[in-house]
Amino acid sequence: MTKLNGISVLSSHFALRGEYPASEDIQRVPDEEALQVVVVIFADSPTFAKDTYLLLKQGNRLIKPDRIRFDARASPISPGQGPSIFRAKIMASFPYDAFDVLAQTTIKVFPGAGGEVTFHLDFADIP
């Protein structure tokens, strides 16, 4: 989530409540010094995302987030039809000075339940 996306999300949250953000709330977004990466993953257990970790990989460099949050209990998305499927969100913040926006980047997700999932990321596609 870039700073532009952050302003959009902030505006939407306040608009849903029929309120206006304070100038301090708005200023916090452009002052943010980290890119927030949000990944949604799916599995068959409500606790699969507990202790999930996320890294950026650029060439041989692995870039660790300075903050990470995950849904300890995932939300069901298929109640009552066939096997249960759960969705969890992982949010990691990476300082802008820790990575190269021009480098080919892979997001590496390590679910707490085990395994690894990778996604290729092109920063040029992010508004």
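The values are calculated or read from the model by the stated rules, or taken from the named source; none is laboratory data. What you see is a predicted model, and the numbers here were worked out from it, not measured in a lab. Using ideal geometry, Cβ is built from the backbone for each residue, glycine included, and neighbour counts are taken over all protein chains shown.
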Problem - Within the stretch 65-87, considering residues that are within 15 Å of the chain's Cα centre (by Cα) and free of Cβ contacts under 8 Å to residues at least 24 places away in the same chain, the one nearest to Glu33 (Cα to Cα) - result: Arg69
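I want to confirm something. Restricting to the stretch 29-58 and keeping residues that are of a type outside the set (A, V, I, L, M, F, W, C) and under 20 Å from Ile126 (Cα atoms), which single residue is nearest to the chain's Cα centre (by Cα)?
Taking the candidates together, the pick is Gln36.
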Handout entry: Where a residue in the stretch 42-57 is of a type in the set (Asp, Glu) and its partner, wherever it lies, is modelled with pLDDT under 90, with Cβ under 8 Å and at least six apart
Key = Asp44/Pro83; Asp44/Ser84; Asp44/Ile85; Asp44/Phe86; Asp51/Phe70; Asp51/Gly112
